[in-house]
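This report refers to the structure that appears directly beneath it.
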Amino acid sequence: MFGPPGYAYVFLIYGMHYHLNLVTGSVGEPHAVLIRAIEPTVGLALMAARRGVDATRRELTNGPGKLCQALDITKREYGADLCGASPLYLVDGPTPRRVARAPRVGVSYAGEWAAKPWRFFDADSEYVSDARRTRARHGA
């Protein structure tokens, strides 16, 4: 997580679920963005097989552990150059319909920082939790 920007920081949580972060800061700065969900558009059958759910279910990729399982992201992607020639990489996608922001999720231990509206998402995406969507402030 301490750099360089554009690389994957993958970690295991609770000894069971991988989470993917995109490093965003300069080398030595612990800045990264947790990828909490994706709206799948290709490869749904393979993702569904990996997850053991129907490809039409929103539970396919609506959480950080779920998306890593669906995309088969594990510790082997740790340090992957997401802007380069690794098997895992970023591409331009459609512009979100309606960007919203909300407090971060699962960081109550962070005190006042837990309430910072640093969670950004497409408010119209079915792959965002309903409970968390209702707390969002739209138009970020």
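To the nearest 20 Debye, how big is the dipole of the stretch 1-91 about its Cα centre, given +1 on the beta carbon of each Lys and Arg and -1 on that of each Asp and Glu?
260
Given the DSSP H assignment, sum -39500 (n - 2.57) over each helix run of at least 4 residues in the chain and divide by its residue total; what's the result at 222 nm in deg cm²/dmol, nearest 500?
Calculated from helices alone, the mean residue ellipticity at 222 nm is -3500 deg cm²/dmol.
Determine the relative contact order of the stretch 35-94: mean sequence separation of Cα pairs under 8 Å and six or more apart, normalised by residue count, in whole percent.
Here the relative contact order equals 27 percent.
Once each part is reduced to its C-alpha centroid, what is the distance from the stretch 1-45 to the stretch 49-86 in angstrom?
11
May I ask you to derive the relative contact order of the chain, considering only C-alpha pairs under 8 Å and at least 6 residues apart, and to give it as an integer percent?
Once normalised by length, the contact order is 21 percent.
Would you mind estimating how fast the chain diffuses translationally, via Stokes-Einstein at 37 °C and 0.692 mPa s with the Kirkwood radius over Cα pairs, in µm²/s?
Estimated diffusion coefficient is 206 µm²/s.
Roughly how many nanometres apart are two label points built 7 Å out from the Cα toward the Cβ at residue 2 and residue 42?
Spacing of the two 7 Å Cα→Cβ label points: 3.7 nm.
Could you work out how much longer the chain between residue 90 and residue 33 gets when fully extended? Use 0.36 nm per residue separation minus the Cα distance between them, nm to one decimal.
Computed gain between residue 90 and residue 33 is 19.2 nm.
Taken together, the values in this text are just the output of simple stated rules run on the coordinates, not laboratory data. All values reported here derive from a predicted model rather than from experimental measurement. Note that each Cβ is placed from the backbone with ideal geometry, even for glycine, and that neighbours are counted across all protein chains shown.
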